[in-house]
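Visitor: To start, I am sharing the structure in question, which I have written as structure tokens.
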2 protein chains.
Amino acid sequence: MEAILNILQKFSNIPQESVERFVGKLQETNIPKGETLIREREVCNQLSFINKGFVRSFYFKDKKDITISFSMTGEFIASMASFISQKPSYETIEALEHCHLYQISHQDLMDLFGKDSHLEHLYRLILEQYYVSLEEHLIFSKFKTAKERYLELIETKPYIIQKASVGQVASYLDMSLETLSRIRASI
Amino acid sequence: MEAILNILQKFSNIPQESVERFVGKLQETNIPKGETLIREREVCNQLSFINKGFVRSFYFKDKKDITISFSMTGEFIASMASFISQKPSYETIEALEHCHLYQISHQDLMDLFGKDSHLEHLYRLILEQYYVSLEEHLIFSKFKTAKERYLELIETKPYIIQKASVGQVASYLDMSLETLSRIRASI
DNA sequence: GAAGGCTATTGATAAAAATCAAAAAATCAG
DNA sequence: CTGATTTTTTGATTTTTATCAATAGCCTTC
């Protein structure tokens, strides 16, 4: 439980009482390696804090799967579009390693926001950070060559290359797995 | 002023008093066609509601400019990463048509959030919508061919093709202007 | 209405990356 | 440990798109 408290603290110095309200709603969950947190067409009604683990979010395009994002220990993960709208998800999220999560349901979170504006404030700050990093990812993917994208990934998130397969990383970087393999050979 | 009230109403049935607080901080601004709302390296400290007009957000990559987004009457616009972090913007936003805006400063907005949690709630809902549409844009740009991206744009936002130049649309769709011109000739 | 400056189209070529195919290496199960 | 399966690398070819270059169209504005 300590990890999540530290993360929350970083965003905002929120009253102890509010933190306790939030923590009181968290459910501990374990997802074995290879299993899914959320499957395509389901409604994502849990927001998960990854206390320990590594997950991949992807969707299917003609029988192949395409990686949208990887998330790590210390990050929140959900199929955000589905969680926000409470409509079916078009993405699937799978555990690439055994995951130890703390989860809160959409309903509980909305109830908390109604009761305690500090928590909505905190959530707003977290959402803003996720928005900024999504925007950066979009721009990043837009104006770099295949090789530059790979080099930047090594620089910023080397653990992804360690933990995910070439094919999974390749679709995340928007290239074929053969192309990524050749880039790896060339450096 | 009516347009913005209607938009706010759609997100949340917020008390009249809160709406008035918010509206009280809005400044009316006109930006002539061709001028900029925010320039690269400046800190974006205004969130703008486009009461009427059309803008383009872009950044420079080697002397060329690359379009990030277009925004229309009825939408909010800011260099979000800069507005959120209050750090210099890497994007420039220009008016492609004469714009009539209502603006609120970052400071005023934060002050309002401290005083009135209904407004932070409203902002959270708006932010969520923008997050979802950004995510959709990312996925959209990732798994469609050049031609499919253009056809989808015609389908979903035909006004962009009317109002922006081929070069501006081409960089938005992640292709050269020659490629876009050929696609247009082929359909 | 002609000159000049943008914008768009068209053509030829080059570069980048995808695809198809096979071999090599790594991982897993029994 | 060993055979089977999966993943990764390597090679040959094709496709897609970018780049370079020239032409055509179209607004301005004098």
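The values are calculated or read from the model by the stated rules, or taken from the named source; none is laboratory data. Keep in mind the model is a prediction, meaning the values are calculated, not measured. Positions of Cβ are backbone-derived with ideal geometry, glycine not excepted, and every protein chain shown enters the neighbour counts. Keep in mind that these areas ignore ligands, DNA and RNA; they rest on the heavy atoms of the full protein, side chains included. Shrake-Rupley method; radii C 1.70, N 1.55, O 1.52, S 1.80 Å.
Visitor: Restricting attention to the stretch A:147-156, and to residues there that are of a type outside the set (F, W, Y) and farther than 17 Å from B:Y90 by Cβ, which single residue is least open to solvent (accessible area, probe 1.4 Å)?
Guide: A:L153
Visitor: Among the residues of the stretch B:105-129, what is the count of those that are open to solvent by less than 20 Å² (accessible area, probe 1.4 Å) and in contact with a Ser or Thr (Cβ under 6 Å, 6 or more places away or on another chain)?
Guide: The qualifying residues number 3.
Visitor: I'd like the full set of residues that are more than 10 Å from chain A (Cβ to nearest Cβ), assigned to a strand (DSSP E or B) and either in contact with a Leu (Cβ under 6 Å, 6 or more places away or on another chain) or surrounded by fewer than 22 Cβ atoms within 10 Å (Cβ to Cβ) (or both), limited to the stretch B:61-86.
Guide: Within the stretch B:61-86, B:K63, B:D65, B:S71, B:M72, B:F76 meet the criteria.
Visitor: Which pairs turn up if I take residues in the stretch B:62-78 that are over 16 Å from B:L47 (Cβ atoms) and look for partners that are among the charged types (D, E, K, R) and open to solvent by less than 20 Å² (accessible area, probe 1.4 Å) with beta carbon separation below 8 Å, at least 6 apart in sequence or on another chain?
Guide: Between residues of the stretch B:62-78 that are over 16 Å from B:L47 (Cβ atoms) and residues that are among the charged types (D, E, K, R) and open to solvent by less than 20 Å² (accessible area, probe 1.4 Å), the close pairs are B:T67/B:R56; B:I68/B:E91; B:F70/B:R56.
Visitor: Which condition does B:K87 not pass, out of (1) modelled with pLDDT of 95 or more; (2) touching a Phe, Trp or Tyr at 6+ places or on another chain (Cβ under 8 Å), if it passes all the others?
Guide: (2)
Visitor: Could you say whether any residue in the stretch A:40-56 is among the acidic types (D, E) and not in a loop (DSSP other than H, G, I, E, B)?
Guide: No.
Visitor: Has the stretch A:53-75 got any residue that is of a type in the set (S, T, N, Q) and touching a Gly at 6+ places or on another chain (Cβ under 7 Å)?
Guide: Looking through the stretch A:53-75, at least one residue is of a type in the set (S, T, N, Q) and touching a Gly at 6+ places or on another chain (Cβ under 7 Å).
Visitor: Considering only the stretch A:137-187, how many residues are more than 11 Å from DNA strand C (Cβ to nearest atom) and under 21 Å from B:Y59 (Cα atoms)?
Guide: Counting residues in the stretch A:137-187 that are more than 11 Å from DNA strand C (Cβ to nearest atom) and under 21 Å from B:Y59 (Cα atoms) gives 8.
Visitor: Quick test for you: out of B:Y102, B:Y159, pick the one residue that is surrounded by fewer than 15 Cβ atoms within 10 Å (Cβ to Cβ), in contact (Cβ under 8 Å) with a residue 40 or more places away in the chain, of a type in the set (F, W, Y) and more than 16 Å from DNA strand D (Cβ to nearest atom).
Guide: Answer to the check: B:Y159.
Visitor: I've got another one for you. Restricted to the stretch A:94-107, and to residues that are in contact with a Phe, Trp or Tyr (Cβ under 9 Å, 6 or more places away or on another chain) and closer than 15 Å to A:G24 by Cβ, which residue is farthest from the other protein chains (Cβ to nearest Cβ)?
Guide: For the stretch A:94-107, the residue satisfying everything is A:Y102.
Visitor: What's the total number of residues in the stretch A:87-99 that are surrounded by fewer than 20 Cβ atoms within 10 Å (Cβ to Cβ) and either in a loop (DSSP other than H, G, I, E, B) or in contact with a His (Cβ under 6 Å, 6 or more places away or on another chain) (or both)?
Guide: Number satisfying all stated conditions: 5.
Visitor: Next up: What is the number of the single condition among (1) of a type in the set (D, E); (2) without any contact (Cβ under 8 Å) to a residue 12 or more places away in the chain; (3) within 24 Å of B:L180 (Cα to Cα) that B:D111 does not meet?
Guide: Failed condition: (3).
Visitor: Would you confirm whether or not the stretch A:130-146 contains a residue that is modelled with pLDDT under 95, surrounded by fewer than 17 Cβ atoms within 10 Å (Cβ to Cβ) and more than 12 Å from chain B (Cβ to nearest Cβ)?
Guide: Checked against the condition, which is being modelled with pLDDT under 95, surrounded by fewer than 17 Cβ atoms within 10 Å (Cβ to Cβ) and more than 12 Å from chain B (Cβ to nearest Cβ), the stretch A:130-146 yields at least one hit.
Visitor: In addition: Considering only the stretch A:61-73, state which residues are among the hydrophobic types (A, V, I, L, M, F, W, C) and touching a Ser or Thr at 6+ places or on another chain (Cβ under 8 Å).
Guide: Result: A:I66, A:I68, A:F70.
Visitor: Just name the residue that is nearest to the chain's Cα centre (by Cα) out of those in the stretch A:129-149 that are more than 16 Å from DNA strand D (Cβ to nearest atom) and within 12 Å of A:L173 (Cβ to Cβ).
Guide: Applying the filter and picking the extreme gives A:H137.
Visitor: I've got another one for you. For the stretch A:162-187, which positions are more than 9 Å from DNA strand D (Cβ to nearest atom) and in contact with a strand residue (DSSP E or B) (Cβ under 6 Å, 6 or more places away or on another chain)?
Guide: A:K163, A:S171, A:Y172
Visitor: With (1) within 16 Å of DNA strand D (Cβ to nearest atom); (2) farther than 28 Å from A:E128 by Cβ as the list, and B:I154 as the residue in question, which single condition is left unmet?
Guide: For B:I154, the exception is condition (1).
Visitor: When the stretch A:158-175 is examined, which residues are found to be touching a Ser or Thr at 6+ places or on another chain (Cβ under 7 Å) and within 11 Å of chain B (Cβ to nearest Cβ)?
Guide: A:S171, A:Y172, A:D174, listed by residue number.
Visitor: Given (1) under 25 Å from B:T73 (Cα atoms); (2) in contact with a strand residue (DSSP E or B) (Cβ under 9 Å, 6 or more places away or on another chain), identify the lone condition not met by B:K142.
Guide: Result: B:K142 passes all but (1).
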